[in-house]
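Below: one structure, written as structure tokens.
Read the figures in this text as sums done on the coordinates, not as results from a lab. None of these values were measured; they are calculated from a predicted model. Heads up, the Cβs are rebuilt from the backbone with ideal geometry, glycines too, and the neighbour counts pull from every protein chain shown.
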Number of protein chains: 2
Amino acid sequence: MSQALPPPIWSHRTRATARAPVSEEAIVQAALDLLDDEGLDAITMRQVAERLGVSAPTVYWHVGNKDGLLDRLYDRLCSEVPQPSPGPWQDRLRFLANAIRSVFAAHRDAARIAVGRFPLGPNGLRATETALAALADAGLSDEDAAHAAYLFFGYVTSFSYQETISPAPALAGDRADALQRVGQYLSTLPSGDFPHVTRCAAPLSRPGLDRRFAFGLDRLIRGLST
Amino acid sequence: MSQALPPPIWSHRTRATARAPVSEEAIVQAALDLLDDEGLDAITMRQVAERLGVSAPTVYWHVGNKDGLLDRLYDRLCSEVPQPSPGPWQDRLRFLANAIRSVFAAHRDAARIAVGRFPLGPNGLRATETALAALADAGLSDEDAAHAAYLFFGYVTSFSYQETISPAPALAGDRADALQRVGQYLSTLPSGDFPHVTRCAAPLSRPGLDRRFAFGLDRLIRGLST
DNA sequence: ACCTGAACACCGTTCAAGT
DNA sequence: ACCTGAACACCGTTCAAGT
């Protein structure tokens, strides 16, 4: 069998042959690069196309529409979530939650893609299976395990989303500044009308979110224990 | 004091005097009408302006930008949330959760506005105060109550959001159809790789969400009990 | 103080047409 | 089967200018 020759030097399709052929995989990768470099808002059908040296309608041919692209990108992110090692179901659930949060944190505002989605793609299903297995070991029925899985992913996802955006969108400046101003605002509220808000002003506007994530996760796990 | 006369009949500013003067309140109301009539995607600075018979930059003058408009609209929605009557803290929390979910359900995909926001506006603070008061009565410290409040609002909000959108965006057809296809898909997965997913296929794709909401709420409250 | 016209720099999506 | 040019119908936002 003769070896494939490169296109002849007089080929006029220099640009077309220069780039790798477009594929669904390449498109998802380009979207992921865009996400990492500039954030979710930079993921545009046109920008993705440009990264691949291709026209926008080509992207539509491969992934249908923007939602289809984000579905695939979400599953791609799910592929980065590691599996927990064997152990008590509580530990496996905690590991999974922290792993998912870490993946989101590693990709800017990736969590926004996950909000309203459930991990049902090829890779997402692995995480779903892991969660359901842990919940079954917790003694939950199939029905309760399904409900609990939604509760679990909903918590991790919405928490991750919350921490990627500034706490009060209307306020300018960086996050720490904005948070401090929220705390200041809350503490100066009339304490007659809002006794608890004023007393909780500081903890409500605390910047460190690791403790808060662990708190919610612990209470969730406790609530799921029989 | 003489009574104010209407503009003379020869006034050439017929259109300008015909409409009520624009105000922040009127703008928020127009946005709410748009939300109820056509959904969140219809809330556009231009569309809001058109509803008021005004040009788009006028809206900017009053609310700053679109985020500022949505902040105000969110607080307007919070004003529709009723206060619970006195009773055990669990009941008050449950009442508040159901009330918030009902308000979102009454305004199409309003929950999407709430995702990533925390009720800190004049009206939202009433709900926050109610939640914090209940959580304090549960025996939580100020710090834990603050964390739990985020957990609580995050749950109600993200659940409400989830139920306003179709479960698998890529699938066509109405929700019941799409859900059934998801269930079908999950049940035909290789049961060797996904034993729990296949067994939970039916409950994972069950359409009624009231039971699921109650389940999560119960477990949350249980997890917060000392 | 409040409002407008016109513009800038984009979007998602479709569709006939090419190879 | 895969890709392009050109277009449609929009966006959020700004800014000089008006009253």
The protein assembly as shown: C-alpha gyration tensor shape, a/c 1.5 cut-off, then a/b vs b/c
oblate
Pick from A:196, A:107, A:147: which residue has the top mean-square fluctuation in a GNM of chain A where Cα pairs under 10 Å get a spring?
A:196
So for chain A, averaging the separation of alpha carbon pairs under 8 Å that are six or more residues apart and normalising by length, what relative contact order in percent results?
15
Expected max-MSF residue from A:190, A:88, A:57 in the GNM of chain A (alpha carbon, under 10 Å) is A:190
Pair residue A:225, residue B:29: separation of 7 Å Cα→Cβ label points (nm):
5.3
Full-stretch length increase - residue A:202, residue A:79 - with 0.36 nm per residue and alpha-carbon distance subtracted
40.5 nm
Order of B:200, B:78 - criterion: other Cβ atoms within 10 Å of each residue's Cβ, fewest first:
B:78, B:200
Once you sort the root eigenvalues of the Cα gyration tensor of chain A as a ≥ b ≥ c, which label holds: rounded (a/c under 1.5), prolate (a/b larger than b/c) or oblate (the other case)?
oblate
With an 8 Å Cα cut-off and a minimum separation of 6 or more residues, compute the relative contact order for region B:83-163 in percent.
39
Pairs of Cα atoms under 8 Å, at least six residues apart: use those to get the relative contact order of region A:102-226, whole percent.
23
Using a 10 Å cut-off around each Cβ, can you sort B:80, A:163 from fewest to most neighbouring Cβ atoms?
B:80, A:163
Quick check on the exposure proxy: order B:113, B:165, B:221 from fewest to most C-beta atoms within 10 angstrom.
B:165, B:221, B:113
